[in-house]
Amino acid sequence: MERGKFITIEGIEGVGKSTNMAALVGRIEAAGHKVLTTREPGGTPLAEEIREIVMNRADEPIPEIAELLLIFAARSLNVNNVIIPALEAGTWVVSDRFTDSSRAYQGGGRGIPMETIDRLADWVHGDAWPDLTILLDAPVEVGMERASNRGAPDRFEQERHDFFQRVRECYLQLASHEPERFVIIDTMRSIDEVRADMMALADELLSDFSH
Ligand code: TMP
């Protein structure tokens, strides 16, 4: 049985991850592959409980190390109970966020050293890195404006502009360090143009990954 491909979608709030992810998944399924979608933090019942704590609990301060460890605890559940079994069964997995979010938010945003995050990543998922990571990019003002129309802000959405600026810059740096894994999509164009890029990317990876 050929192992499935692991694709992650990354970016700051408000760049259109959900819409573009749905389009991508539709295309891969249309090509005849089974696709499992997941999100982080989350993806299993326990990991979703951790998500709720990390994103919304306001009754006690959450130190940044606790935030990082909670997110990696959720990731361990998702990787072991959902992602790896699916890939091994030949299913493709598309995840809304993964370890690059920890590097960008807890590393770039909160200032936790990247070596600490990468050591945890190695411990929690070893070499189970994505085959492809799509970084949806937009200036922070634009993302924040789009995200502000979605109801009450969670713990992350309450952060200030400079936090998201550091997150965005970190993402762009990660992408430039690993150009073979990352594709950056500029979301500052019309919905149709961005979607056309996503479709072209899907077609490219379907042909790349089928040889
Ligand atoms: P979202 O998936 O709806 O965008 O929300 C998830 C939030 O959690 C988002 O603000 C980014 C944050 N997050 C981290 O800070 N680190 C992580 O490793 C992950 C997966 C998410």
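Every number in this text was worked out from the coordinates using simple rules, so none of it is lab data. Only a predicted model underlies this, so the values are computations on that prediction, with no experimental measurement involved. All Cβ positions, even for glycine, are placed from backbone atoms using ideal geometry, and neighbour counts span all protein chains on display.
The table below gives the values:
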item	result
Residues of the range 24-52 classified as crowded, with 18+ Cβ neighbours inside 10 Å, of a type outside the set (D, E, K, R) and assigned to a helix (DSSP H, G or I), total	5
Checking SER102 against (1) within 25 Å of VAL82 (Cα to Cα); (2) buried (at least 19 other Cβ atoms within 10 Å of the Cβ); (3) away from the ligand (no atom under 11 Å from the Cβ), the condition it does not meet	(3)
Qualifying residue in the range 172-189 (condition: more than 19 Å from ALA22 (Cβ to Cβ), within 13 Å of the ligand (Cβ to nearest atom), touching a Lys or Arg at 6+ places or on another chain (Cβ under 9 Å) and not in a loop (DSSP other than H, G, I, E, B))	yes
Lone qualifier among GLU115, GLU204 - being more than 12 Å from the ligand (Cβ to nearest atom), farther than 25 Å from HIS33 by Cα and part of a helix (DSSP H, G or I)	GLU115
The range 74-100 - residue that is farther than 21 Å from ILE28 by Cβ and touching a residue at least 24 places away in the same chain (Cβ under 8 Å) and, of those, farthest from the chain's Cα centre (by Cα)	ASN81
Residue that is nearest to the ligand (Cβ to nearest atom), among those in the range 21-65 that are in contact (Cβ under 8 Å) with a residue 24 or more places away in the chain and at positive phi	GLY42
Qualifying positions in the range 78-97 - out of contact with any Lys or Arg (no Cβ under 9 Å at 6 or more places or on another chain) and surrounded by fewer than 22 Cβ atoms within 10 Å (Cβ to Cβ)	ASN80, ASN81, VAL82, ILE84, PRO85
Residues being within 15 Å of the chain's Cα centre (by Cα) and closer than 13 Å to THR99 by Cβ - total across the range 126-160	4
Boolean, ARG155 is more than 15 Å from the ligand (Cβ to nearest atom), among the basic types (Lys, Arg) and either without any contact (Cβ under 8 Å) to a residue 12 or more places away in the chain or out of contact with any Gly (no Cβ under 7 Å at 6 or more places or on another chain) (or both)	no
Some residue of the range 66-77 being hydroxyl-bearing (Ser, Thr, Tyr) and part of a helix (DSSP H, G or I)	yes
